[in-house]
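Here is the structure we will look at.
The values are calculated or read from the model by the stated rules, or taken from the named source; none is laboratory data. Just so you know, these numbers come straight off a predicted model, no measurement behind them. So basically every Cβ, Gly included, is an ideal-geometry build from the backbone, and we count neighbours across all protein chains shown.
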């Protein structure tokens, strides 16, 4: 008998995991290049746009329940310390205040390795208690009545001070993460450097960046009997459910997590948040619905961040540009906790090179914990690697694009396995052509002008193949309307729409007849977090299988009604035709005759191909203008070419590309969390002081896909789209700035101050 | 006090210091208007006050006595979307949708003042509304298309 459960490799956020997968009931033939598809690949409109333009889309922050109470959080004002006393009485005595919780109410519940509401203070803005009241205003006023006595302890804010010999201890075991240094190598780096005819060494710095999702972290919880329903702004309803069930010692079936719409995640909302633990605990204690939504200051200070990095890079090459050695020493402060996202990944994967050595040192500091942030690791690594590649090209007097082409990696060198497909060469070709790269490169630089132009480019790779487990149900109602049910999330990506397109394609249905239902653990089959750019590639194949099963059942029913065989039928626009006669029936007519018989198809995601790397690729080209008197950088245009396999809906996918590029532009030019170097207090926890791009900063963007289905990756030919575009933007812009100025830029964001520093320290006076 | 929201009259018992955003969301349950920064930095709570865009987080309810407040919920008339709403759908000028109500009302206000804006006018006119998903290129297109269709003349 064939095995039902097997294991397979799935890559998420640069980490490869082994997953158990239940083999699908069928594994359809891949939709190849020549597949005749009508709805997949079409520029349909976003299916939830109507709810969003009318204000009817209900986000977590919009959930209002009868008797609901509001929460405000008390937070620490020192970077390290011991709380001697926490007197809540003045707050609890205020009219309208209904209760509070501290660490004692949530014993053993941890977030990022830290006890929730811990009495030991690890960073400024760490939550220490939650107050619950009839209105938000009363709760906030009550929090201001709390004055905890905290004994200050010495703290460290950055990696250099954390690694100093006599540094205060951030964690009991010390300031180095156990996995530090994480060293990976292939070949012989010393030999590679000996073989090099040209060697360059540089140090690059990247900032702590904040997700700044417009909808903050938040949750509403309501108990009924021994069960709790939680609305949470999350990228993973099932992850949130298991986190909460474990923390509150409940069976999974006693926790229902709902998330219909969410106002952005970008990686920071991957499980139960502090808001969810707080709302659930307070709601249990007070037996009323409780809402806990972070305020903006809380969101900007304590809701995750992209880690800063210092990257010391050495590249060695032959005169003809062949890379002989790539070496990286990176230092990455995590804050008080988080996971080990890897800037090294770009260095070992992007280019062909026999000798690579990377070393990553992860350090704890007295700052808020990091979290995944759109392409974590690769964004930081790309800035270092791709900046260094341009320095090398300059040394070799070679076109930067040519240098990259000469070091094209045709397989996954670390694991010595093939790529399912790789069309980065097409991205280079089409991107350069649409940008006018050769022409722009050969343009003479005016080194006396105040405003100078430059061009730059960078490459990207991202493991975006998705994988199991993921389940979907397709059901056809008595009136012929169709529902796709799956526990995935739509963060604003368009998942609702593209999953409906897959189902409509298989069924031969009108897209308008299909509705995708997401975001409810109690009513929907499992799908994993929407992270790592995996949703369409993970869930799409499951939807395809489910829709095929439903179509087969529908055709069997119709065959009897049309006096023919199921394989003699085809469908289009929700109408079933007999191939041999002109007889046809609408889906609705078939279903009405079936009465209350409901056609249900079940599908699951099959395993990934063995010994195969599944990656998305791309290349970005940027043109900038730099004012050498003010230091202001303006990005004029970006051309971005992507290989993400088949594109289900080009319009929605291009929207994601544009969004990624714009976030990357913010990372390159403006975005940086700034701490007071003495106290560790964040100095820019507002949207005025932490600058994200506005509509006025946006350049002309030409972002597109080569759109070649990856038939090896999965049977829909799809790979991920969401994260790749942010990876190459900062280095492409930095390389363009360096081209404009004739001096290198080694640190982002490239604020006017830093640019002026480069200008004055460089060859331009 | 009396507050007119989307043409309907409401008696609200808001204290003098309450902001319009709180009144709309927590008293009238009109949650289409979003709280994001709460201090006039992002534009997500944009409403129309006597037809002109205003940040509901910086507007006191008490100052709105007898004035016309329009929110996203009142923009469609008789089941017909406002042309700006339709243009946002047609041009995919939204992703997560959280900033969308504010963007749309800012655009309605802009086209009312300036029915035939240039691309630069749109960028300037919409620059008080932040979007983290980066839908800006599509927003520019949507607003220009709505203007083209005469959205600012009604």
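Numerical summary
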read-out: Matching residues, the range A:683-695, being buried (at least 20 other Cβ atoms within 10 Å of the Cβ) and more than 9 Å from every other protein chain (Cβ to nearest Cβ); value: A:685, A:690
read-out: The range A:28-50 - residue that is surrounded by fewer than 16 Cβ atoms within 10 Å (Cβ to Cβ) and out of contact with any helix residue (DSSP H, G or I) (no Cβ under 8 Å at 6 or more places or on another chain) and, of those, farthest from the other protein chains (Cβ to nearest Cβ); value: A:29
read-out: Residue among A:321, A:335, A:384, A:316 that is under 23 Å from residue A:668 (Cβ atoms) and in contact with a helix residue (DSSP H, G or I) (Cβ under 9 Å, 6 or more places away or on another chain); value: A:384
read-out: Candidates A:82, A:19, filtered to the one that is closer than 27 Å to residue A:280 by Cα and away from every other protein chain (no Cβ under 14 Å); value: A:82
read-out: Only listed residue being in a loop (DSSP other than H, G, I, E, B), in contact with a helix residue (DSSP H, G or I) (Cβ under 8 Å, 6 or more places away or on another chain) and more than 14 Å from chain B (Cβ to nearest Cβ), chosen from A:601, A:618, A:680, A:606; value: A:606
read-out: So residue A:680, is it buried (at least 20 other Cβ atoms within 10 Å of the Cβ) and out of contact with any strand residue (DSSP E or B) (no Cβ under 9 Å at 6 or more places or on another chain); value: yes
read-out: Matching option when the condition is within 13 Å of chain B (Cβ to nearest Cβ) and surrounded by fewer than 24 Cβ atoms within 10 Å (Cβ to Cβ), among A:672, A:700; value: A:700
read-out: So residue A:112, is it surrounded by 14 or more Cβ atoms within 10 Å (Cβ to Cβ) and at positive phi; value: yes
read-out: Residues located in the range A:57-66, provided they are more than 7 Å from chain B (Cβ to nearest Cβ) and either more than 30 Å from residue A:92 (Cα to Cα) or out of contact with any strand residue (DSSP E or B) (no Cβ under 9 Å at 6 or more places or on another chain) (or both); value: A:58, A:66
read-out: Unique residue being part of a helix (DSSP H, G or I) and away from chain B (no Cβ under 14 Å) when the list is A:590, A:624; value: A:590
read-out: Flag if residue A:157 is farther than 24 Å from residue A:277 by Cβ, at pLDDT 95 or above and buried (at least 19 other Cβ atoms within 10 Å of the Cβ); value: yes
read-out: Condition check for residue A:725: buried (at least 24 other Cβ atoms within 10 Å of the Cβ), within 14 Å of chain B (Cβ to nearest Cβ) and either modelled with pLDDT of 95 or more or assigned to a loop (DSSP other than H, G, I, E, B) (or both); value: yes
read-out: Strands (runs of 3 or more DSSP E) lying entirely in the range A:37-140 (those with 2 or more residues that are under 27 Å from residue A:260 (Cα atoms)); value: A:69-75, A:127-133
read-out: Which numbered condition residue B:17 fails, given (1) in contact (Cβ under 8 Å) with a residue 40 or more places away in the chain; (2) surrounded by fewer than 22 Cβ atoms within 10 Å (Cβ to Cβ); (3) assigned to a strand (DSSP E or B); value: (3)
read-out: Among residues of the range A:51-62, those that are surrounded by fewer than 20 Cβ atoms within 10 Å (Cβ to Cβ) and in contact (Cβ under 8 Å) with a residue 60 or more places away in the chain, counted; value: 2
read-out: Subset tally (residues that are crowded, with 24+ Cβ neighbours inside 10 Å and assigned to a strand (DSSP E or B)) for the range A:637-664; value: 7
read-out: Among residues of the range A:164-201, those that are out of contact with any strand residue (DSSP E or B) (no Cβ under 6 Å at 6 or more places or on another chain) and in a loop (DSSP other than H, G, I, E, B), counted; value: 13
read-out: Matching entry among B:144, B:60 (being touching a strand residue (DSSP E or B) at 6+ places or on another chain (Cβ under 9 Å), over 15 Å from residue B:6 (Cα atoms) and surrounded by fewer than 24 Cβ atoms within 10 Å (Cβ to Cβ)); value: B:60
read-out: Sole exception among (1) part of a strand (DSSP E or B); (2) without any contact (Cβ under 8 Å) to a residue 60 or more places away in the chain; (3) within 14 Å of another protein chain (Cβ to nearest Cβ) for residue A:228, by number; value: (3)
read-out: Scope the range A:175-189; condition in contact (Cβ under 8 Å) with a residue 40 or more places away in the chain and either under 30 Å from residue A:392 (Cα atoms) or exposed (fewer than 14 other Cβ atoms within 10 Å of the Cβ) (or both); matching residues; value: A:179, A:180, A:181, A:182, A:183, A:184, A:185, A:186, A:187, A:188, A:189
